[in-house]
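Engineer: Mind having a look at this structure? Questions to follow.
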Amino acid sequence: MNYEFDFSFLGEYGQDLWDGTLLTLWMTAVSIIPGFVVGTACAVGRLYGPPWVRKAATVYVEAIRNTPLVIQVFWLFFGLAVLSVRIDAFYAAVIALVINVGAYTAEIMRAGFESIPKGQIEAASCLALSRWQSLLYVQLPQAVERVYPALVSQFILMMLATSIMSQISAPELTGVAYQIQAFTFRGFEVYLVIAVIYLAVVTLLRAILTGLGKVIFPRRRRLGTPL
Amino acid sequence: MLGLSPEHLLFLLRGAGWTIVLSLLGFVGGTIVGLPVALCRSSKMRSLRVVSSAYVQLVQGIPLPVIMFVVYFGLSIGGYELPALVAAGIAMTAYSSAYLGEIWKGCIEAVPKTQWEAAECLALTPVQRFVDVILPQAVRIAIPPTVGFLVQIVKNTSYSVVIGFFDLTYSAKVLNNSTFKPFTVFTIAALLYFVICYPLSVLSRRYERKLKRA
């Protein structure tokens, strides 16, 4: 095998790679909070809601968790196109990511809520907190604290999953790479470079989220911690 | 049915067949590579731990579509003209071996330390200790998460669409391009994935409950 590696495309397309990286990060950032809200709402609905809410939330979670993200994105993006709803690939990607990560977050948060000792909820009601107050001020912070590492992993997986959005022509990092290799015919080198970029982004994202967790939850109680 | 001819449905089913083939390939390959990874991850030797952990970090830090591309182009610059199935199979093997290695490492470490000590007291050799005492207990713990991970494998084979492997997602995409019925086509594709994945999810949960009771 005598293959000459040629990374000279980096000079010409460096700016495009940078833009792609930023779009990947931006897509992840705007999906995290809505995804968390959807997931938490589902978890609460499944645990404390009336029967029809429980059923609906269960159907949502099972349907999303047992089908691939790619199919969900195609369904949404090409489906909207047929309904002649014009939507930017970026927004279609974000909507699909929120719906997808919401279902996974729902399962994580459910484990978090279930792990809170009963005494905490009893104490909240002894302090005359309403059910919503108890949920919002007592249960939610503790649940998030306990499952925080799992949430971080889930959001990192979501960041990696944004790479499939090139399939609906969103110009994130993988999409940019595809264009560069089409112009330069240096597919192997291009994908090696973006693999390194993804590794760097994962490391950065994990450091930021873990650091944030240490600031917000100084006690660092995990699943299985008694109080 | 729903504006699709039986040929169209057959086309999707053929894609689903290739999805299953690629999933099996990924699982078998992932087992063959993942088992040594798990052993190295829980090894006493520091160098083995460092190398295997670097491998896991590397694979888990790169999106699967990018791994698919790297393998695909890597094989072609090596001068091999291989079908996309080979590239997808190698990528799936790398992907699942990293995750399975990590899962199984956890299972090996979940066996109480006293079991190792008891086996040592019974004068078993290190190999006997591991194979006869620890492994049977670790396998029991490993069944629910492994079955659960099968769902991830099946779903993630859909990423092979990026290198044009003819799986369920790719066939659905092609069918949509020719029929312009995205809701019908992708709903059927999603249902087919669901039919494969949901039983595995249920099975995994059932095993988990059984293990908890035991």
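Engineer: Which condition breaks for A:Tyr178 when tested against (1) at positive phi; (2) facing chain B (nearest Cβ under 9 Å)?
Structural biologist: (1)
Engineer: Next up: If I go through segment B:168-214 residue by residue, how many of them are at the interface with chain A (Cβ under 10 Å from one of its Cβ atoms) and in a loop (DSSP other than H, G, I, E, B)?
Structural biologist: 2
Engineer: Let me ask something else about it. Would you mind telling me which numbered condition in (1) within 25 Å of the chain's Cα centre (by Cα); (2) part of a helix (DSSP H, G or I); (3) more than 12 Å from B:Val66 (Cβ to Cβ); (4) of a type outside the set (A, V, I, L, M, F, W, C) A:Arg222 fails?
Structural biologist: (2)
Engineer: Identify, by number, the condition in (1) more than 30 Å from B:Glu81 (Cα to Cα); (2) in contact (Cβ under 8 Å) with a residue 12 or more places away in the chain; (3) within 17 Å of the chain's Cα centre (by Cα) that A:Val70 doesn't meet.
Structural biologist: (1)
Engineer: Can you tell me which of B:Ser97, B:Ser23, B:Ser76 is under 14 Å from the mean Cα position of the chain (by Cα), small (Gly, Ala, Ser) and within 14 Å of another protein chain (Cβ to nearest Cβ)?
Structural biologist: Being under 14 Å from the mean Cα position of the chain (by Cα), small (Gly, Ala, Ser) and within 14 Å of another protein chain (Cβ to nearest Cβ) holds for just one of B:Ser97, B:Ser23, B:Ser76, which is B:Ser23.
Engineer: A follow-up question, please. Consider A:Tyr3 carefully, then state whether it is surrounded by fewer than 17 Cβ atoms within 10 Å (Cβ to Cβ) and touching a Leu at 6+ places or on another chain (Cβ under 9 Å).
Structural biologist: In short, no.
Engineer: (1) within 14 Å of chain A (Cβ to nearest Cβ); (2) modelled with pLDDT of 95 or more; (3) assigned to a helix (DSSP H, G or I): which one isn't true of B:Val50, the others all being true?
Structural biologist: (1)
Engineer: Only one of these is assigned to a helix (DSSP H, G or I) and either within 14 Å of another protein chain (Cβ to nearest Cβ) or under 11 Å from the mean Cα position of the chain (by Cα) (or both): B:Ile134, B:Ile108, B:Ile153. Name it.
Structural biologist: Checking each option against the conditions leaves just B:Ile153.
Engineer: When the residues of segment B:58-85 are filtered to those that are surrounded by fewer than 21 Cβ atoms within 10 Å (Cβ to Cβ) and modelled with pLDDT of 95 or more, which remaining residue is nearest to A:Thr21 (Cα to Cα)?
Structural biologist: For segment B:58-85, the residue satisfying everything is B:Gly61.
Engineer: Related question: So which residues in segment B:72-105 are within 19 Å of A:Leu192 (Cβ to Cβ), part of a helix (DSSP H, G or I) and either in contact with a strand residue (DSSP E or B) (Cβ under 9 Å, 6 or more places away or on another chain) or without any contact (Cβ under 8 Å) to a residue 40 or more places away in the chain (or both), if there are any at all?
Structural biologist: Within segment B:72-105, B:Phe73, B:Gly74, B:Leu75, B:Ser76, B:Ile77 meet the criteria.
Engineer: Does any residue of segment A:138-160 turn out to be assigned to a helix (DSSP H, G or I), among the β-branched types (Val, Ile, Thr), at pLDDT 95 or above and surrounded by fewer than 18 Cβ atoms within 10 Å (Cβ to Cβ)?
Structural biologist: yes
Yes or no, residue by residue, for (1) buried (at least 20 other Cβ atoms within 10 Å of the Cβ); (2) among the hydrophobic types (A, V, I, L, M, F, W, C); (3) free of Cβ contacts under 8 Å to residues at least 60 places away in the same chain; (4) assigned to a helix (DSSP H, G or I):
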{"site": "A:Gln15", "(1), (2), (3), (4)": "no, no, yes, yes"}
{"site": "A:Thr24", "(1), (2), (3), (4)": "yes, no, no, yes"}
{"site": "A:Val30", "(1), (2), (3), (4)": "no, yes, no, yes"}
{"site": "A:Ile33", "(1), (2), (3), (4)": "no, yes, yes, yes"}
{"site": "A:Val38", "(1), (2), (3), (4)": "no, yes, no, yes"}
{"site": "A:Cys42", "(1), (2), (3), (4)": "yes, yes, no, yes"}
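Engineer: Evaluate segment A:133-154: report whether one residue or more is of a type in the set (A, V, I, L, M, F, W, C) and within 14 Å of another protein chain (Cβ to nearest Cβ).
Structural biologist: yes
The values are calculated or read from the model by the stated rules, or taken from the named source; none is laboratory data. Bear in mind that the values here come from a model prediction, so they are computed numbers and not experimental data. Reconstructed Cβ throughout: ideal geometry from the backbone, glycine too, with neighbour counts over all protein chains shown.
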